[in-house]
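Encoded as structure tokens, the structure appears first; notes follow it.
The values are calculated or read from the model by the stated rules, or taken from the named source; none is laboratory data. Keep in mind the model is a prediction, meaning the values are calculated, not measured. Cβ atoms come from the backbone with ideal geometry, glycine included; neighbour counts cover every protein chain shown. Each accessible area value is taken on the protein alone, full model and side chains, heavy atoms only, with ligands, DNA and RNA left out. Shrake-Rupley method; radii C 1.70, N 1.55, O 1.52, S 1.80 Å.
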Amino acid sequence: MLLLRDVKKSFVEPDGSPLPILDIEEFHVAAGEQMVLVGKSGCGKTTLLHVIAGITRPDCGKVRINDWDITLMPEAECDRFRAEHIGYVFQTFNLLRGFSALENVTLAMRFARLPNENASLPAQMLDTVLDLFGGLPHGDRERAVHLLERVGLGHRMTHKPTHLSVGEQQRVAVARALANRPKLLLADEPTANVDAGHQQQILDLLRQTCREEKVSLVLVTHSPLVAQQFERVEHLEEFNRVSKKMKEEEGLST
Amino acid sequence: MSLWKIAWRSIQQRSLASLLTTISMALGVTLVVAVLVVNNVVHQAFHRGGAGYDLIVGPPKGSNLELVLSSVFYIGQPMTTLPYDVYLKLKRSEFGTPVKTAVPICLGDTYKDKRVVGTTAAMFDLEYEEAQGAKEAPKVFNFTQGRAFQDEEADWFTAVAGATAAQQAGLKLDDSFRPTHDAGTKTAHQHGAFKVVGILKPTGTPNDNVLFVNIEGFYRVGGHSGAIPGAGARSSDSGPNSVAKSSAEKPHEGEAASGTPPAEHDKADADHDHDEDEHLHAPIPDDRKQVSAVLVCTYKDTDTRALAAEINKGKEGQAAIPAEQIAVLLEKIVGSIDLVLLVFAVMIVLVAGIGIMVSIYNSMNDRRHEIAIMRALGAQRITVLLVILLESILLSLGGGLLGLALGHGLLAVAGPWIAERVNLPLSMLNFQFAELWLVPALIMLASIVGFLPALSAYRTDVGKSLIANP
């Protein structure tokens with residue numbers, strides 16, 4: 001489902017020198033698989049998720065999702081691919097403050113422009129007209145409502161993020177990430193800012209929804225409590241040569 | 001959710017800054033609307049002043065423009081006079097071109113600073129050019145009260161007051177007034193009285209500000225050189241019974257002007273009344289009459305030009321086509337003022353546009369994170385660029401529409417006040433075709449000023465901006 005091969009990524013230091021972040025020979029995730037990525041702060045976990053999502057381009061290497069190599073896609077195509085096939089849950093939720101919970105979910109659909117292949121001909125024609133004015137394709141609002149009800153926010157759909165609790169905000173973020181029926185869900189420490197009571201709730205929600213929707217899940221976490229619930233746990237230091245080298249250097253210096 | 005709505009939400013999020021930029025744009029557009037409407041009304045008023053006739057024939061002295069200024073706009077004094085014979089020849093179409101109507105006007109008298117114009121009943125039959133499809137051409141003069149005076153002897157000492165003149169001089173129907181000769185000079189002297197038989201509806205032209213009197217009465221009151229045997233006149237208390245006097249009695253006029261109470265004169269002059277009455281109705285030979293100008297209507301444009309050429313060939317008078325002279329006047333004087341005002345108003349709109357740019361650009365630092373979220377959700381670079389452009393367009397158009405409403409609201413409030421003072425018919429419904437251009441112009445301006453912040457949004461580094469704290 002997901003395959004990274006010979007991926008390298010460096011940033012540039014303020015003095016102009018390169019700062020290597022990733023050097024991964026191979027990393028793969030099977031279809032429907034749920035796995036956890038762990039590693040120390042600054043070891044490149046978020047950068048790896050950005051590279052997988054096509055938000056950040058690697059310096060070299062391949063990032064294949066199903067049959068598509070997103071590193072070969074022009075930027076606009078990559079954006080569209082991300083909108084249609086990848087869901088992303090951020091550590092800080094990253095909800096858009098000016099929009100209601102429902103609008104945050106439908107906005108993701110607007111960017112993906114999901115075609116509804118199962119719609120009747122008149123419904124498809126209506127979609128075409130709505131598209132001129134940026135309306136949602138037929139049935140998308142219903143899906144957004146369904147997802148919010150699914151995460152237990154059926155009664156809070158018109159509330160803006162500032163009027164939602166932290167746990168509720170993260171649940172909106174989960175609903176938003178699943179809005180476009182992605183094949184792959186990337187979750188960057190989704191429970192880090194949530195209190196202990198809500199952590200398990202969020203985690204269960206993510207895992208169960210991914211299972212139901214047959215979505216592969218790559219979850220980044222610092223929490224051993226979270227990590228131990230997954231069958232597959234990968235340490236970034238193990239397969240990222242940059243992190244490995246750093247770890248070795250640190251070991252030598254101590 | 002449409003991109004418009006996304007842009008609108010962004011505006012709502014920064015409501016104060018958005019409101020302020022919208023107001024500044026609205027003020028700019030208000031000024032543009034005011035300038036356009038006033039400019040158009042001024043042009044209309046100027047052109048309407050000369051509407052109803054095709055040609056003005058006046059004395060040969062002075063320029064065409066001076067002739068138009070004195071006979072259409074009642075500005076300045078006529079240089080000299082035109083022999084009555086020229087009027088008669090025009091009336092009888094003796095210049096080789098058929099003439100539809102010839103209306104003489106005599107200037108030089110005033111009443112309470114309002115010009116008194118001696119003319120014939122034909123003045124009130126003047127018509128505007130027939131509009132396409134209209135069955136009847138609209139008349140230049142319509143009456144609020146009363147009627148037009150006739151050329152008959154019974155109406156010789158009657159007058160018709162323009163709307164503003166009647167109001168400002170406090171004249172009502174059946175009131176009498178005594179014009180003063182030598183308008184604007186200190187040696188003014190009063191004439192016999194004219195009775196108001198009609199009050200005109202406002203026309204939005206300088207005619208609103210004048211008092212029309214019967215030309216025959218005008219001739220029979222004094223001071224109009226050669227108008228009657230031994231020109232010179234003085235008033236009596238007999239209402240419209242103005243008396244023509246001989247030049248030998250001129251000292252009396254001086255007294256009247258210098259403030260001697262009329263009653264004393266009346267007593268002293270009571271025995272002259274019979275003679276005066278005779279003078280009043282005495283025929284005046286045509287060769288003693290003169291006019292300030294003649295307003296001429298022809299049947300077609302080519303006739304107007306032929307007649308003007310014929311008259312300008314001779315030495316008796318000069319002919320001016322008012323439409324042409326008014327166009328010159330507008331272009332040379334009013335036109336440049338219009339342009340300067342319009343340039344200022346447009347500059348204010350431009351400054352307001354730059355205000356929008358600065359406002360959105362300054363907000364970009366705060367918004368970079370949100371733009372990065374949208375990009376991470378799959379929004380393309382062009383999509384976020386469009387959202388910023390739409391935001392700029394919404395602010396500009398919102399300001400523009402508010403400005404249009406404010407501009408016309410201002411006209412509604414100030415219109416009657418301005419109309420009263422400067423005789424311009426201003427109404428909030430004075431929409432100009434040019435105002436339609438404001439919409440595409442504002443969209444273009446918004447696109448230009450929105451482009452810089454939109455480009456900044458376009459170039460947002462998603463990875464970095466996502467990591468940065470919101």
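Ignoring ligands and nucleic acids, what accessible area does A:I55 show with a 1.4 Å probe (Å², nearest 10)?
Surface accessible to solvent at A:I55 totals approximately 30 Å².
Suppose each label sits 7 Å from its Cα in the direction of the beta carbon; what would the A:T158-A:S10 distance come out to in nanometres?
Result: 5.5 nm between the two label points.
Please list, in chain and number order, the residues 5+ apart from A:L37 or on another chain whose amide H is under 5 Å from its amide H, with Hs placed from the backbone.
Amide H neighbours of A:L37: A:L219, A:V220, A:T221, A:E234.
B:K5: which lysines have alpha carbons under 17 Å from its alpha carbon, excluding same-chain residues fewer than 8 sequence positions away?
A:K160
How much mean residue ellipticity at 222 nm does chain A get from its helices, if each DSSP H run of length 4 or more adds -39500 (n - 2.57) and you divide by all residues, to the nearest 500 deg cm²/dmol?
Details: 10 runs with 107 residues, N = 254.
Roughly -12500 deg cm²/dmol at 222 nm, from the helical runs in chain A.
I'd like the Karplus ³J(HN,Hα) series for the stretch B:284-293: coefficients 6.51, -1.76, 1.60, θ = phi - 60°, whole numbers in Hz, and an x wherever there's a Gly or Pro.
The phi angles translate into 10, x, 4, 6, 9, 8, 9, 10, 7, 6 Hz.
Please list, in chain and number order, the residues 5+ apart from B:I199 or on another chain whose amide H is under 5 Å from its amide H, with Hs placed from the backbone.
B:T144, B:Q145, B:G146, B:R147, B:A161
With every protein chain kept in the model, how would you rank A:E213, A:E231, B:E153 by accessible area, 1.4 Å probe, largest at the top?
A:E231, B:E153, A:E213
Which residues in the stretch A:149-181 have a backbone N closer than 18 Å to a point placed 7 Å from the Cα of A:D204 along the Cα-to-Cβ line?
From the stretch A:149-181, the list is A:149-154, A:167-172, A:174-175.
What's the extension gain from B:E129 to B:N40 if we count 0.36 nm per residue and subtract their Cα-Cα distance?
30.1 nm
Between B:D461 and B:R305, what is the spin-label point distance in nm, taking each point 7 Å from the Cα along the Cα→C-beta axis?
Output for this residue pair reads 7.3 nm.
Assign unit charges at the C-beta atoms only (+1 for Lys and Arg, -1 for Asp and Glu), then state the dipole size of chain A relative to its Cα centre in Debye, rounded to the nearest 20.
Working: 30 positive and 35 negative charges, 96 e Å.
My answer is approximately 460 debye.
Could you grab the relative contact order for chain A? Cα pairs under 8 Å, six or more apart, rounded to a whole percent.
28 percent
Cα centroid distance between the stretch A:221-241 and the stretch B:384-416, in Å?
57 Å
Using only protein heavy atoms and a 1.4 Å probe, report how much of B:T119 is accessible, in Å² to the nearest 10.
0 Å²
Which entries in the list B:K100/B:K315; A:K8/A:K247; B:K114/B:K315; B:K100/B:K313 go over 29 Å, if you measure between the two C-alpha atoms of each?
The answer is B:K114/B:K315.
Could you please put A:W68, B:W417 in sequence from largest to smallest accessible area, using a 1.4 Å probe?
So the residues, ranked largest to smallest area, are B:W417, A:W68.
For chain A, what ratio Rg/Rh do Cα atoms give with a Kirkwood hydrodynamic radius?
We get a ratio of 1.00 for chain A.
Using the crude model of +1 on Lys and Arg Cβ and -1 on Asp and Glu Cβ, and no other charge, please compute the dipole size for the stretch B:1-104 relative to its Cα centre, in debye to 20. Intermediate values should be presented prior to the final figure.
On the way: 9 positive and 4 negative charges, 97 e Å.
About 460 debye.
Taking amide H positions as placed in the peptide plane 1.01 Å from N, state which residues far from B:Y111 in sequence (5 or more) or on other chains have amide H under 5 Å from it.
Here the answer is B:V116, B:T180, since their amide H atoms fall under 5 Å of that of B:Y111.
Using a probe radius of 1.4 Å on protein heavy atoms only, what is the accessible area buried between chains A and B, both sides summed, to the nearest 100 Å²?
That pair of chains buries around 2400 Å² in total.
Can you tell me the FRET efficiency between B:L65 and B:K201 if r is taken as the Cβ-Cβ distance and R0 is 22 Å, rounded to the nearest 0.05? Show your work: numbers first, answer last.
Working: r = 29 Å, r/R0 = 1.32.
The calculated FRET efficiency here is 0.15.
Rounded to the nearest 0.05, what FRET efficiency do A:D59 and B:F431 give with R0 = 51 Å and r taken as the Cβ-Cβ distance? Could you check? All intermediate terms of the calculation are to be shown ahead of the outcome.
Working: r = 62 Å, r/R0 = 1.21.
It comes out at approximately 0.25.
Using the Karplus equation 6.51 cos²θ - 1.76 cosθ + 1.60 (θ = phi - 60°), what ³J(HN,Hα) coupling, rounded to whole Hz, does each residue of the stretch B:343-355 give in order, writing x for Gly and Pro?
4, 4, 4, 5, 5, 5, 4, 5, 4, 4, x, 5, x
So, taking all protein chains as they sit and a 1.4 Å probe, how much accessible area belongs to A:R232, in Å² rounded to tens?
Its accessible surface works out to 40 Å², give or take rounding.
Find out how many positive minus negative residues lie around B:L36, taking Lys and Arg as positive, Asp and Glu as negative, among other residues whose Cβ is under 15 Å from that of B:L36.
Charge balance in the 15 Å sphere: -2.
With label points built 7 Å along Cα→Cβ from the Cα atoms of A:Q228 and A:H146, find their separation and express it in nm.
Using points 7 Å along Cα→Cβ, the separation is 3.7 nm.
State the Cα centre-to-centre distance between the stretch B:15-84 and the stretch B:341-377 in whole Å.
39 Å
Using the Karplus equation 6.51 cos²θ - 1.76 cosθ + 1.60 (θ = phi - 60°), what ³J(HN,Hα) coupling, rounded to whole Hz, does each residue of the stretch A:38-53 give in order, writing x for Gly and Pro?
In residue order, the calculated couplings are 10, x, 6, 4, x, 8, x, 4, 5, 4, 4, 4, 4, 5, 5, 7 Hz.
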